[in-house]
1. Give the separation of the Cα centroids, the stretch 1-56 to the stretch 130-195, in Å.
2. Can you give the extra length, in nm with one decimal, that the chain gains between ASP48 and GLU189 once fully stretched, where that is 0.36 nm per residue apart less the Cα-Cα distance?
3. Could you name the lysines whose alpha carbon sits less than 30 Å from that of LYS116, not counting residues in the same chain fewer than 8 places away?
4. Net charge near ALA90: determine it from the other residues with C-beta under 15 Å of the C-beta of ALA90, scoring Lys and Arg +1 and Asp and Glu -1.
5. Rounded to the nearest 5, what % of DSSP beta bridges with both residues in the stretch 40-159 are antiparallel?
6. Explain nothing, just compute: Karplus ³J(HN,Hα) = 6.51 cos²θ - 1.76 cosθ + 1.60, θ = phi - 60°, for every residue of the stretch 78-90 in order, whole Hz, x for Gly and Pro.
7. Along the stretch 152-166, what does the Karplus equation 6.51 cos²θ - 1.76 cosθ + 1.60 (θ = phi - 60°) give for ³J(HN,Hα), rounded to whole Hz, x for Gly and Pro?
8. Of all the accessible heavy-atom surface of the chain, with the other protein chains kept in place and a 1.4 Å probe, what percent is carbon and sulfur?
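The values are calculated or read from the model by the stated rules, or taken from the named source; none is laboratory data. Source: prediction; values computed, not measured. We place every Cβ from the backbone using ideal geometry, glycine too, and count neighbours over all the protein chains shown. Please note that ligands, DNA and RNA were not included when accessible areas were found on the heavy atoms of the full protein model with its side chains. Shrake-Rupley method; radii C 1.70, N 1.55, O 1.52, S 1.80 Å.
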Amino acid sequence: MDAGIRKVVSYVEETLIEGGKAAPVPLKMFAAAVVLKNPWHGRGFVEDLKPEIHAIAPVLGELLTAEILRMAGSGAVIEGYGKAAVVGVAGEIEHASALIHTLRFGNFYRKAVGAKSYLSFTNVRGGPNCAISIPMMHKDDEGMRSHYLTLQFSINDAPAADEIVVALGASIGGRPHHRIGNRYQDLQELGSNEA
């Protein structure tokens, strides 16, 4: 099945100063996104989404992972990671969710960066130029709050009503001056083993 990809978009930002103070190590964040035709658009309520998920999600996972690795330089340097999908206004949230909430999509990225944590995510409905927000966490330790990050960007002509945007995000580093501790310190202070 043709994935119906209209365009591939890359986004990079580097934070040098945060809170008026120079970052000891600049925070680098990357996003790779594809804009594709919604395969379920115009078909009414589709009960079984699996044929399209199985055909399209691996194509997107492989393509976006390769693009993120190209931007970052390697999977080994990536510390934070996440994913997002935005379905156009004529689609269902389930359509956005379908393409990213499958191991056929996410496992390409997890394996490429050697991750242990799950991929944090957003899936929303929106129109052209809407915010694409990719929440991230540390690939090996979901309790490391320094890497609770959100990368946000937009695509001026996407998604159209009959499209979906699917994106992966990555960071090299965490917030430059993180100082809120981590969840393990909270647990220790509370004398608890429960989150």
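1. Centre-to-centre (Cα) distance: 15 Å.
2. Values: separation 141, 0.36 × 141 = 50.76 nm, distance 4.78 nm.
Extra length available between ASP48 and GLU189 comes to 46.0 nm.
3. Leaving aside lysines fewer than 8 places away in the same chain, those within reach of LYS116 are LYS28, LYS50, LYS83, LYS139.
4. -1
5. 55 percent
6. For the stretch 78-90, the Karplus curve yields 6, 10, x, 8, x, 8, 7, 9, 10, 9, x, 5, 8 Hz.
7. 10, 8, 9, 10, 4, 10, 8, x, 5, 4, 9, 10, 9, 9, 10
8. Percent of accessible area from carbon and sulfur atoms in the chain: 52.
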